[in-house]
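**Student:** Okay, handing you the structure first.
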Amino acid sequence: MQRLCTAAEVKFYFNSFFSRESAAKTNYLKPNKNCNLSSWVDGCEPGWACSAGSNKKVDLKNTNDMPARTSDCAACCEGFFCPHGLTCMIPCPLGAYCPLAKLNKTTGVCDPYHYQLPPNKPNHTCGGADTWADILSTSEVFCSAGSYCPSTVKKIPCSSGHYCRTGSTSQQGNLDLPKAGLSFLLLIIYNCSDQVLATRERRQAKSREKAVQSVRETAQAREKWKSAKDIAKKHAIGLQSQLSRTFSRKKSSKQSDLKGFGLGRFGSDSSLPPLPLQGSSSASQQSKGKKKEKSNLVNIINDIEQDPNSHEGFNLEIGDKNIKKHAPKGKQLHTQSQIFKYAYGQIEKEKALQEQNKNLTFSGVISMASDIEIRKRPTIEVAFKDLTLTLKGKNKHLMRSVTGKISPGRVSAVMGPSGAGKTTFLNALAGKVTGCTMSGMILINGKAESIHSYKRIIGFVPQDDIVHGNLTVEENLWFSARCRLSADLPKPEKVLVVERVIECLGLQAVRDSLVGTVEKRGISGGQRKRVNVGLEMVMEPSLLILDEPTSGLDSSSSNLLLKALRREALEGVNVCMVVHQPSYTLFRMFDDLILLAKGGLTVYHGSAKKVEEYFAGLGITVPERVNPPDYFIDILEGIVKPSVSSGVNYKQLPVRWMLHNGYPIPMDMLQSADGMAASASENSAHGPSVPGADSEGQSFAGELWQDMKCNVELKKDNIQQNFLKSSDLSNRTTAGVFQQYKYFLGRVGKQRLREARPQAVDFLILLLAGICLGTLAKVSDETFGSLGYTYTVIAVSLLCKISALRTFSLDKLHYWRESASGMSSLAYFLSKDTIDHFNTVIKPLVYLSMFYFFNNPRSSVTDNYLVLISLVYCVTGMAYALAIFLEPGPAQLWSVLLPVVLTLIATNTNQNKFVDALSNLCYTKWALEAFVIANAKRYSGVWLITRCGSLMENGYDLNHWYRCLVLLLAMGIVGRGVAFFCMVTFQKK
């Protein structure tokens, strides 16, 4: 006890590490009370210590005064170290091995230490350990690798199957490769996940087919039973009349009077009612079918005979009010089979009614609605007066003085040559025009209201087929129906709507087929176009606007599509569409025609059946065997010249239409029509310039400034439109944010499962990165593995950012369309982020399974996993912002550069205040600090000096580990907030 160092001496020893400039090169301490130039006892030599005297009490807790130690000097005890220049003993820390030294006579060094005996002192012997410092200065007292030291005086070699690091107090078992192999098993399972969806879809398809077969068999059986019952009734009437003639002349005379009303003789064909066409055809098909099918039909007929009032199946008898009244409603159906039976039963009813009313009229639809309960839709009439669109900055007319209206229950076609502003006209009606100055008036149902107030019941079909390629046809339609139909509509009714659309668009054969993408072939182009239209039809719109829905379709597909649209119109829907080169058959199916000339000028707006009559009045007659719309468009294009006898120039046609209807005509159009000024439509596809807008003679700087102003105004208009708020007048309550979030979650989950192979490639790359970095960047005890963790931060950041870019960059067009239709942006964003949390959880496991096995750091798997989760969450949020704000090419470039540049800034050692402040904003600094701290915590005992020195040099603090994780998570949240703001602000509707 007399030779143990007091707190003041221990403090003096450790302070020497901060006061010495070359602490790593010498173990000599500063002069002190016991060891100085005037007093140098044996205890001042390395490995020796002295006592303060047996009569003097030493306070070991004294931190201010060093006691005088000059007597009873002897070698340092085993398990202690005695520094050079200090006459006391300090206990060796755990993980150190401090035996007594032995003199090596060959080298004159006290082994296992490196000090020598002092000269001219023959009685001086080797003592104990002489120093404890960081491992870079000296590793004499550290328990060597391959052995472990349970105490400071005991050293045991590592046993087989275990490993021992430098400074170990116990041995550890080797890592098992099967733990690392779990990631490979995960890859196999994930790669086969799309098969789960395929199996589920097949089972659902079988259930649907059984429901269809059951409905049709029941329908056929009921028709046969009805026909048989009617025949029996007629036979009974005939028998009764025959008996009456036998027993009573009077009755027979009355019976003969009935013949005048069309009742045939008993036994003749005329006395039998004609069998229903559907029932007879079905019966013939059944007779040609298999015996099993016959037996099913017979069983159903027998069931109906025993219980005629049974509700099994659905009666197709038109006007059967009793059965309709007692049939189960949609709200009472729960199972998938019941729902499909209900839907197909309703569709079969509609088919029967359509067969009865082949020439459907509005009154026919009303009677059909009374039988099958078609829901009424609110009507929307759009009237426009003197509608003019002028491009900002350019002063070019995109549309000019367009007046008219589109009415509910009618199909309106918009035609014209290229550059006539057809798509611009539809965008103006839908309220999607930006970067233009609009004058004139648009009235909704006779009131000056915003079209955005009715967006929940307005369908807009874009020119491009924006359909999810990794979903099936039915999944695309079903998702749109669930999100956009009324929230209180029962599920069976929604299924009925979707099935009705699939039926009328002729998509039954491909309903379970993937739509397909550019890389992966799916359904045909015509079917894809019909799916594009069906996405809007399933939401039961009141106004349906279509931009070139028949482009790229053959005549039969176009005819099928237009029949479906006419059916929508007969239910009161206002249908307006742009059409290019329709066939004559297609053209005759339109109710109204809007014919536009170049510059957005109206040439004709009225009934499609009267367009030839109107142009004939102008002296323009369509030649024989020429399609009228093609001929009119050729005239407006200037390809075909009107006859000289007509005295009409194609430039004068818009003016002639205005004069015909008494509309006011702008002065410059009158001058152009009279030939007093040249038409600017020859020089611009968007029509003439506004007078006084000539920029000739303007300087280059002026033009540049004007272009910049135009771009700024365009951006401003886009942002204002994205944040435009209007009251909802549609009287339809769609699914809320939470419900839409569930729908989006299911859709994104299916898409990810079908994209399993790209995800598997991401995981495989992470595995290879873990193997390479774990092998090359071995853990250095001096730096606590900071080099390997630096590479880890760069690699994981880069790989996770690149893969996270796919989350939003590939679906921008789909989001713009869905958002414009009123779907929740928040639900869309949260669903994408929620599904990505799977990668946030799994990717760190995949990387660690290899990196930890090959690198084997001292920190626990849990600590590394938590840091990696925080890192992946952070970089994923940053990748969202890059993917949404930038185009795919620049986003990928920034994803590669950012981790490297930010890591260089975070690890910069130059003393620069600006760089230090900048590094605090780098997520790489906090990730690297969290990794190093988690590893440094495992270094204790003999490693304390090394740990403190390394952490102080890098500016790290052991107590900041949780703060680093919180900062990483906070940066991830901020990145997601920025991404969501950009998504909502800079979207294109």
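**Student:** Is it the case that some residue within segment 62-72 is touching a Lys or Arg at 6+ places or on another chain (Cβ under 8 Å), open to solvent by 20 Å² or more (accessible area, probe 1.4 Å) and hydroxyl-bearing (Ser, Thr, Tyr)?
**Tutor:** yes
**Student:** Which one of these does GLY43 not meet: (1) out of contact with any Lys or Arg (no Cβ under 9 Å at 6 or more places or on another chain); (2) open to solvent by less than 20 Å² (accessible area, probe 1.4 Å)?
**Tutor:** Unmet condition: (1).
**Student:** Residues that are within 30 Å of PRO654 (Cβ to Cβ) and hydroxyl-bearing (Ser, Thr, Tyr): which strands (runs of 3 or more DSSP E) entirely in segment 531-623 hold 2 or more of them?
**Tutor:** On the way: elements: 543-547, 574-578, 592-597, 601-607.
So the answer is 601-607.
**Student:** Going through ASP512, ASP465 one at a time, which residue ends up being at pLDDT below 90, open to solvent by 30 Å² or more (accessible area, probe 1.4 Å), under 21 Å from GLY822 (Cβ atoms) and in contact with a helix residue (DSSP H, G or I) (Cβ under 9 Å, 6 or more places away or on another chain)?
**Tutor:** Values: ASP512 fails: under 21 Å from GLY822 (Cβ atoms).
Among ASP512, ASP465, only ASP465 is at pLDDT below 90, open to solvent by 30 Å² or more (accessible area, probe 1.4 Å), under 21 Å from GLY822 (Cβ atoms) and in contact with a helix residue (DSSP H, G or I) (Cβ under 9 Å, 6 or more places away or on another chain).
**Student:** Step by step: first the residues of segment 582-606, then only those that are farther than 23 Å from ARG400 by Cβ and touching a strand residue (DSSP E or B) at 6+ places or on another chain (Cβ under 6 Å), then the one that is most open to solvent (accessible area, probe 1.4 Å). Which residue is that? It would help to see each step written out before you state the result.
**Tutor:** Taking segment 582-606 and keeping what is farther than 23 Å from ARG400 by Cβ, we get 582-591.
When the remaining residues are screened for being touching a strand residue (DSSP E or B) at 6+ places or on another chain (Cβ under 6 Å), the result is 590-591.
Values: PHE590: 5, ASP591: 33 Å².
It comes out as ASP591.
**Student:** Moving on to the next point. I need the full set of residues from segment 480-503 which are small (Gly, Ala, Ser) and open to solvent by 10 Å² or more (accessible area, probe 1.4 Å), in order please.
**Tutor:** SER486, ALA487
**Student:** Of everything in segment 389-408 that's under 38 Å from the mean Cα position of the chain (by Cα) and modelled with pLDDT of 90 or more, which residue is most open to solvent (accessible area, probe 1.4 Å)?
**Tutor:** Filtering first and then ranking leaves PRO408.
**Student:** Please count how many residues of segment 73-87 are surrounded by fewer than 19 Cβ atoms within 10 Å (Cβ to Cβ) and over 24 Å from VAL153 (Cβ atoms).
**Tutor:** 0
**Student:** Just checking, how many residues over segment 615-641 are open to solvent by 20 Å² or more (accessible area, probe 1.4 Å) and touching a residue at least 24 places away in the same chain (Cβ under 8 Å)?
**Tutor:** Within segment 615-641, residues that are open to solvent by 20 Å² or more (accessible area, probe 1.4 Å) and touching a residue at least 24 places away in the same chain (Cβ under 8 Å) number 6.
**Student:** Let me ask you something else. Test of understanding: among ALA24, ALA7, ALA52, which residue is more than 60 Å from the chain's Cα centre (by Cα) and at pLDDT below 90?
**Tutor:** Working: ALA24 fails: more than 60 Å from the chain's Cα centre (by Cα); ALA7 fails: at pLDDT below 90.
Unique residue meeting the criteria: ALA52.
**Student:** I'd like the full set of residues that are at pLDDT below 85 and surrounded by 15 or more Cβ atoms within 10 Å (Cβ to Cβ), limited to segment 647-662.
**Tutor:** Passing the criteria: VAL648, ASN649, TYR650, LYS651, GLN652.
**Student:** Could you list all residues from segment 774-817 that are open to solvent by 50 Å² or more (accessible area, probe 1.4 Å), of a type in the set (S, T, N, Q) and part of a loop (DSSP other than H, G, I, E, B)?
**Tutor:** Within segment 774-817, THR783 is the sole residue that qualifies.
**Student:** Take the conditions under 20 Å from LEU29 (Cα atoms), open to solvent by less than 20 Å² (accessible area, probe 1.4 Å) and within 60 Å of the chain's Cα centre (by Cα) and apply them to CYS92. Does it pass? Steps first, please.
**Tutor:** Details: under 20 Å from LEU29 (Cα atoms): yes; open to solvent by less than 20 Å² (accessible area, probe 1.4 Å): yes; within 60 Å of the chain's Cα centre (by Cα): yes.
Yes: the conditions hold for CYS92.
**Student:** From the residues in segment 468-479 that are open to solvent by less than 20 Å² (accessible area, probe 1.4 Å) and of a type outside the set (S, T, N, Q), which one is nearest to SER556 (Cα to Cα)?
**Tutor:** Residue satisfying both the conditions and the ranking: VAL473.
**Student:** Sticking with this structure for a sec: Anything in segment 71-110 that is without any contact (Cβ under 8 Å) to a residue 12 or more places away in the chain and not β-branched (Val, Ile, Thr)? List them, or say none.
**Tutor:** If the condition is that a residue be without any contact (Cβ under 8 Å) to a residue 12 or more places away in the chain and not β-branched (Val, Ile, Thr), then ASN104, LYS105, GLY108 are the ones that fit.
**Student:** What residue, of GLN751, GLN720, is under 30 Å from PHE986 (Cα atoms) and modelled with pLDDT of 85 or more?
**Tutor:** Testing whether each residue is under 30 Å from PHE986 (Cα atoms) and modelled with pLDDT of 85 or more leaves just GLN751.
**Student:** Still on this model: Would it be correct to say that ALA133 is of a type outside the set (Asp, Glu), under 23 Å from CYS88 (Cβ atoms), out of contact with any Asp or Glu (no Cβ under 8 Å at 6 or more places or on another chain) and at pLDDT below 85?
**Tutor:** Values: of a type outside the set (Asp, Glu): yes; under 23 Å from CYS88 (Cβ atoms): yes; out of contact with any Asp or Glu (no Cβ under 8 Å at 6 or more places or on another chain): yes; at pLDDT below 85: yes.
For ALA133, the condition - of a type outside the set (Asp, Glu), under 23 Å from CYS88 (Cβ atoms), out of contact with any Asp or Glu (no Cβ under 8 Å at 6 or more places or on another chain) and at pLDDT below 85 - is met.
The values are calculated or read from the model by the stated rules, or taken from the named source; none is laboratory data. From a predicted model like this one, the values you see are computed outputs, not experimental measurements. Note that each Cβ is placed from the backbone with ideal geometry, even for glycine, and that neighbours are counted across all protein chains shown. Ligands, DNA and RNA are stripped out before the accessible areas are found, and what is left, the full protein with its side chains, is counted by its heavy atoms. Shrake-Rupley method; radii C 1.70, N 1.55, O 1.52, S 1.80 Å.
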